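These notes concern the structure reproduced below.
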Amino acid sequence: MSKIVVVTSGKGGVGKTTTSASFATGLALKGFKTVVIDFDVGLRNLDLIMGCERRVVYDFINVIHQEANLNQALIKDKKCDNLYVLAASQTRDKDALSQEGVERVLNDLAAMGFDYIVCDSPAGIEIGALMAMHYADEALVVTNPEVSSVRDSDRILGMLSSKTRRAIEGREAIKEHLLITRYNPNRVQEGQMLSLQDIQDILRIPLIGVIPESETVLQASNQGLPAVHMQGTEVSEAYKDVIERFLGQERPLRFVEAQKPSLLKRLFGR
Amino acid sequence: MSFELKSTQWPLLALALRSADTQRLMQDWRQRYGGESGFFDQDALLLDFSALSEGNEPLADFSALLALLRAAHLHPVAYRGGAAALREQAAAAGLARADDALDAVQALTTSAAAPALDPSPAAAPERPAVGALLIERPLRSGQQVYARGRDLIVTAMVNPGAEVVADGHIHVYAPLRGKAIAGARGDETACIFATCLEAELLSIAGTYRTSEVPLPPEVRSKAARVRLQRHLDAERLLIEAIA
C-alpha cells in the first residue's frame, strides 16, 4: 500500500522543492521505493535540485495525457536505487493537470509497488496546489519563521481539511506535519524571526522538524544534489531527523538553540 | 470540448437600501466610505431592494448611485426584491435578478450610517430565534463562518485571516485573532466575547475597529467583551475585560 505525501506551503520560496528532494531521497536511503513528482507545471525546478534535468525526455503531463507511459517518464536517481523522479513540464501550464489524469497516474504508481509517492506542490492555492494535495494521505507543511509564511500555511491547512479527497469523502483526516525551514536561532533571539513557540501557537499541528538556515542549501541546489546528501552538515542531519520522525522514531530537536559567542569573542569583541 | 460549464458559488456583498431617497443614500455613503476608498477590492455587489416594495416609482439618479458604488471599487451585478418599476430599472441597467440569493456572507447594510433615517419597522433588527451555531474546529486563514439569524459559538482558535460572522452574538472560547462581525444585519445589542482577544477587526452592527490601533493592554490577549455603545449621535465599540 503506497502512501501519498504532499509537500506544501502556500507561500513560494520557503523550501518546498528542497524539502521534497531531501525527504524523498531520505526515504529511499532508508530502503523504501519512492517517487517524487513535480506538480509545478510550467515552472519546473525539482529536476534541477535532483540533478536530473538533462535526462528529462517525457514528463508528468505527457503521462497524464497518455502521450508516454510511466516507465518512459520515470527518471531513476543516480545516487539511490529506490528513488525515481517524475518531472513537470516546462512548456505547459497547470490547466494541463486533470484530476482524473492525476488519480490514474497515482494509482499506476501504487500498482508499481512504490512505498511513498512524494508530491512537490507549487506555491499558491490554485489548481496545481489543489491537485498536489488532493489525494494525499499525509502532508508536510513547510513554513518559514515569518508572519506571511505562517499565514499562508494556515490557509493551506484549512484547505487540507476541506478540499482534499479525504475531507470530501469524510474519511480520516490527512495527517499534518509542520516543518520549519530557514530557522535561525540567533535571529529569533534578537526578535527578527518568529520563534518555534510563536509559529506553533498559530498553526497548532505537530512539529516534525526544524531545518536551520544555512548556505548548504544553496550549495546543494547549485550542484543538483538534494541537501540531505551534504554529509556532516546541520541541514543534512536535520533532514535525516525529519525522516526518522516521519517513520515513527523519536528524535530530540537539534539546531534550535542560539549559539552564545565564545568567551574569547566576548572579550575581544570579534 | 473547448469549454466546460460548471456550477460555481460566489460570495456577494449585499447592499440593503432602506430609503428610496437616492440623494440621501449617496450622501450617507460618502460620509461613511468617502467618494473613492480602498475599503473594497472589486467586490461583487447585490442591491437588495426588499425594503423598497412600496410604491412603484423608479429610483431617481439610479445611474449616479451605480457610478458611486463603482467608484468605491464595488461591482453591482444583481438585484433582489423591490417594486416592479425598480426591478425593470435594475434589469435595464444590466443587473441580474437574484431573488434566490441567500445571505451566506456578511450583509453590508447601511445601518451604521442610518441613524439619520427613520427606522422603519421592516428594518428592525431580528433577534436570533434559534439556538447558536456551534463550531468546534479551528478556523484558519481564508475560512469564514456565518451564523445566519443566530448566535455563533466557536470553541477553537480563529486565526488571522479567518472571519466569524453572526447576526447575533459571537462567543470564542479560544484565541480570537481573525475578524469578528456580530450583529451583521444591524442588531446593535449584539456582543462579541472572547477568552483571548487579539482580533484583527471587531464589528458590531456595522461599527468597526481594526487592529491598526492596538487593543488597550487591559484587554489585549485577555478575556473580554465587546459591545456597541451609543453616546448622543456617535457610536463606538466598548471593550471591557471580563474579570
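Laboratory data are not the source of any read-out in this text; all were calculated from the coordinates shown. All values derive from a computational prediction rather than experimental measurement. FYI the Cβ positions are ideal-geometry reconstructions off the backbone, even for glycines, and counts take in every protein chain you see.
The Rg/Rh ratio for chain B is 0.99, where Rg is the radius of gyration of the alpha carbons and Rh is the Kirkwood radius.
Roughly how many whole Å is it from the C-alpha centroid of the stretch A:141-206 to that of the stretch B:208-225? Using only Cα atoms to place each centre, the spacing works out to 25 Å. Counting only Cα atoms, the stretch B:1-69 measures 50, 33, 17 Å along its principal axes, largest extent leading. Using the rule -39500 (n - 2.57) for each DSSP H run of four or more residues, divided by the residues of chain B, the 222 nm mean residue ellipticity is -4000 deg cm²/dmol. For the stretch A:114-215, GluC sites (Glu not before Pro) are listed when DSSP marks them as loop and at most 12 other Cβ atoms sit within 10 Å of their Cβ; the list is A:Glu126, A:Glu169, A:Glu172, A:Glu190, A:Glu215. Here A:Tyr183, A:Tyr58 are placed in order of increasing Cβ neighbour count within 10 Å, fewest first, which gives A:Tyr58, A:Tyr183. Size of chain A: Rg and Dmax of its alpha carbons, in Å, are 18.6, 68.
Provide Rg over Rh for the stretch A:1-107; use the alpha carbon set for both Rg and the Kirkwood Rh (inverse mean inverse pair distance). Using only Cα positions, Rg/Rh for the stretch A:1-107 is 0.93.
Taking label points 7 Å from Cα along the Cα-to-Cβ direction, B:Ala44 and A:Gln192 give a separation of 4.6 nm. Solvent-free Debye calculation, one equal scatterer per alpha-carbon of the protein assembly as shown: log10 I(q)/I(0) at 0.08 Å⁻¹ equals -0.64. The GluC sites (Glu not before Pro) of the stretch B:181-221 that DSSP puts in a loop, and whose beta carbon has at most 12 other beta carbons within 10 Å, are B:Glu212, B:Glu218. Going from the fewest other Cβ atoms within 10 Å to the most, the residues A:Ile125, B:Ile192 appear in the order A:Ile125, B:Ile192. Between B:Leu15 and B:Leu46, B:Leu47, B:Asp48, the built amide H atoms are under 5 Å apart, and every one of these is 5 or more places off in sequence or on another chain. Sorting B:Leu134, B:Leu65 by the number of Cβ atoms found within 10 Å of their own Cβ, with the fewest placed first, yields B:Leu134, B:Leu65. Above 18 Å, the calculated P(r) of the stretch A:70-229 contains 67 percent of its Cα-Cα pairs. Cross-link check: pairs A:Lys16/A:Lys78; A:Lys11/B:Lys222; A:Lys11/A:Lys33; A:Lys16/B:Lys179; A:Lys78/A:Lys240; A:Lys175/A:Lys240 evaluated at a Cα-Cα cut-off of 27 Å; pairs beyond the cut-off: A:Lys11/B:Lys222; A:Lys11/A:Lys33; A:Lys16/B:Lys179.
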